[in-house]
Amino acid sequence: MSILEVNNLSKSFGDLQVLKDISFSVDKGQVVSIIGPSGSGKSTLLRCVNQLETADGGEITVDGIKMLTTENGKAVYAPKKTLRDIRLRIGLVFQNFNLFPHKSVMQNIIEAPVHVLKKSKQEAVAYAEELLEKMGLTGKEKSYPCELSGGQQQRVSIARALALKPEILFFDEPTSALDPELTGEILKIIKELAKERMTMVIVTHEMEFARDVSNHVIFMDGGFIVEEGDPSKLFGDTQNERTKQFLSRYKGTN
Amino acid sequence: MKTDDMLNVAKILLEYLPNTLKLFFFTLLFSIPLGVLVTGLKRCRFKPISWLTNLYILVMRGTPLMLQIVAVYYAIPMIVKGAKDSVAANGGEIGGFIQFLDDCMHSESYMFVALIVAFSLNYAAYFAEIFRGGLEAIPVGQYEAASMLGMTKTQTFFRIIMPQVVKRVIPATANEVIVLVKDTSLATIIAYAEIMLKAKQMMNTYSSIMPLFIAGIFYFVLNAVVTAVFMLIEKHYNYYH
Ligand SMILES: Nc1ncnc2c1ncn2[C@@H]1O[C@H](COP(=O)(O)OP(=O)(O)OP(=O)(O)O)[C@@H](O)[C@H]1O
Ligand SMILES: [Mg+2]
């Protein structure tokens, strides 16, 4: 069953068309990696799906709910309330964490459960403790983001996204703001989430990780999906010249 | 000057300290909320409003406060007179706001009211620019993170953005408040009986500049207190960077 379906999505910034006719779908429990050179539109794609950017055309369906449709060539978004509903079913982990600096780790995590989902504080704290344990952050509840390492901050931001129990979790280069020795701890957590059958879409430059963790890979270039498929096939013996060229740059570095 | 005279000067200045403090506190009381309002108006999407706000800020920051005090002090009676005349010419009755201004003008505290109006309008312009700076320094990622968590615009502003803005604007606000302490002396231009006016008068009485120095000590002590208060506030917000 597909939980996210994107059809013919397009998006321009002024004259620059950044997404051209993007179509793909994500099944429940699937881990999809999106790879591609800088400027190919990966972040813009995630941002369109997450309502942080307004698309120009195409269709987006999340968890069976139509978020975006196109009528007579014009993009039509669902009513506000539906959009909010959809938003609560998806989570996004940012490259630079975007934790709330004035709130402690615990406050960051329970902010939305308490004030958006209107859960009791007790319940929210209990679940947050569970998540923190999973993230290896037990004991850091009272710390402030500025007191944590980059890797720890990113783990808090993953816990904050998970606190809303999203159906699907997006990551935009979750490790590229981190020192190389800290990326491992984030990748480990994503792998653990994958084991629990969490549906995830991950934009990454970590090719080895993408091959390792995902069961579907999308290669983007110049606003198009150039190729997509099984990681072993795409990384192993792609027939596409552009993909080959892109991947060859990572040979040796991994 | 003899020590006795100096003590006498200090004693008299102390009597007028409450007037200085009254001007200081009432200006803060009105100019800070007004500054918040002006920040909002400046960011208004309806362009004429934001242009008018810019013009207001330009005038307030671009002309001497001393001039603004005089202008307000004399403008209110002129406006009231003009309004009364035109109402009378049309055979109507004076009421509402004009009546309020008229009453105000003839009250004992008119001078003080005019001062508060001028000071608040002036300081609101400076505060507005400080607050705008603080608001614009908040990374867009904070808004995006809040919106990804399903927070409403109101929740985002009051729970995420405003607390961070407050921390950021404290140093610049402290600066402005320290200037305000000294700027209260500009009220001498319309002979408001505060410390500086009395100091000037006593300079003549004693033919000495000593009263001015003693007044200086008063301002210095007031600002030492202001600085200490802001240090405490900064410390309170020091739990994160
Ligand atoms: N807000 C914006 N306004 C104008 N142009 C933008 C904006 N955001 C992105 N772009 C442009 O869109 C193109 C795609 O950007 P995007 O950030 O989606 O690429 P990316 O694949 O995520 O790259 P990277 O790997 O460097 O993160 C780039 O050419 C970029 O300059
Ligand atoms: Mg990107």
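The values are calculated or read from the model by the stated rules, or taken from the named source; none is laboratory data. What you see is a predicted model; the values in this text were computed from it and never measured. Backbone-built Cβ (ideal geometry, glycine too); neighbour counts: all protein chains shown.
Here are the numbers:
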read-out	value
Residue within the stretch A:55-66 that is closer than 20 Å to A:ALA163 by Cβ, more than 15 Å from the chain's Cα centre (by Cα) and touching a residue at least 60 places away in the same chain (Cβ under 8 Å) present	yes
Whichever residue in the stretch A:1-49 is of a type in the set (Ser, Thr, Tyr) and more than 11 Å from ligand 1 (Cβ to nearest atom) and, among such residues, is nearest to A:GLN245 (Cα to Cα)	A:SER33
Options A:THR69, A:THR61, A:THR54: the member that is of a type in the set (Ser, Thr, Tyr) and within 14 Å of chain B (Cβ to nearest Cβ)	A:THR54
Pick from the stretch A:178-228, criterion crowded, with 18+ Cβ neighbours inside 10 Å and aromatic (Phe, Trp, Tyr), ranking: modelled with the highest pLDDT	A:PHE219
Positions within the stretch B:108-153 being among the hydroxyl-bearing types (Ser, Thr, Tyr) and either within 11 Å of another protein chain (Cβ to nearest Cβ) or not in a helix (DSSP H, G or I) (or both), in sequence order	B:SER109, B:TYR143, B:SER147, B:THR152
Residue in the stretch B:199-208 that is over 17 Å from B:LEU65 (Cα atoms), free of Cβ contacts under 8 Å to residues at least 24 places away in the same chain and not in a helix (DSSP H, G or I) present	yes
Number of the condition not met by A:VAL105 [criteria: (1) away from ligand 2 (no atom under 16 Å from the Cβ); (2) in contact with a Leu (Cβ under 9 Å, 6 or more places away or on another chain); (3) on the phi > 0 side of the Ramachandran plot]	(3)
Extreme residue, farthest from ligand 1 (Cβ to nearest atom), among residues of the stretch A:179-224 that are under 27 Å from A:LYS244 (Cα atoms) and among the charged types (D, E, K, R)	A:LYS191
Identity of the residue in the stretch A:136-178, of a type in the set (A, V, I, L, M) and within 16 Å of ligand 1 (Cβ to nearest atom), that ends up nearest to the other protein chains (Cβ to nearest Cβ)	A:ALA177
Those helices (runs of 4 or more DSSP H) lying entirely in the stretch A:94-179 with at least 2 residues free of Cβ contacts under 8 Å to residues at least 12 places away in the same chain and closer than 24 Å to A:MET200 by Cβ	A:121-134
The stretch A:99-117, residues that are closer than 18 Å to B:TYR239 by Cα and facing chain B (nearest Cβ under 7 Å)	A:PHE100, A:PRO101, A:HIS102
Residues being assigned to a loop (DSSP other than H, G, I, E, B), crowded, with 19+ Cβ neighbours inside 10 Å and more than 14 Å from ligand 2 (Cβ to nearest atom) - total across the stretch A:1-55	3
Residue satisfying all of: in the stretch A:50-73; of a type in the set (Gly, Ala, Ser) and within 16 Å of ligand 1 (Cβ to nearest atom); nearest to A:PHE94 (Cα to Cα) among these	A:ALA55
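Rundown of residues vs (1) buried (at least 17 other Cβ atoms within 10 Å of the Cβ); (2) in contact with a Pro (Cβ under 9 Å, 6 or more places away or on another chain), yes/no style:
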site: B:VAL9; (1), (2): yes, yes
site: B:THR27; (1), (2): yes, no
site: B:SER31; (1), (2): yes, no
site: B:TYR56; (1), (2): yes, no
site: B:GLY62; (1), (2): no, no
site: B:LEU67; (1), (2): no, no
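Yes/no per residue for (1) in contact (Cβ under 8 Å) with a residue 60 or more places away in the chain; (2) more than 23 Å from B:ILE57 (Cβ to Cβ); (3) under 17 Å from the mean Cα position of the chain (by Cα):
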| site | (1), (2), (3) |
| --- | --- |
| B:ASP85 | no, yes, no |
| B:GLY92 | no, yes, no |
| B:GLY96 | no, yes, no |
| B:SER120 | yes, no, yes |
| B:GLY134 | no, no, no |
| B:ILE138 | no, no, no |
| B:THR154 | no, yes, no |
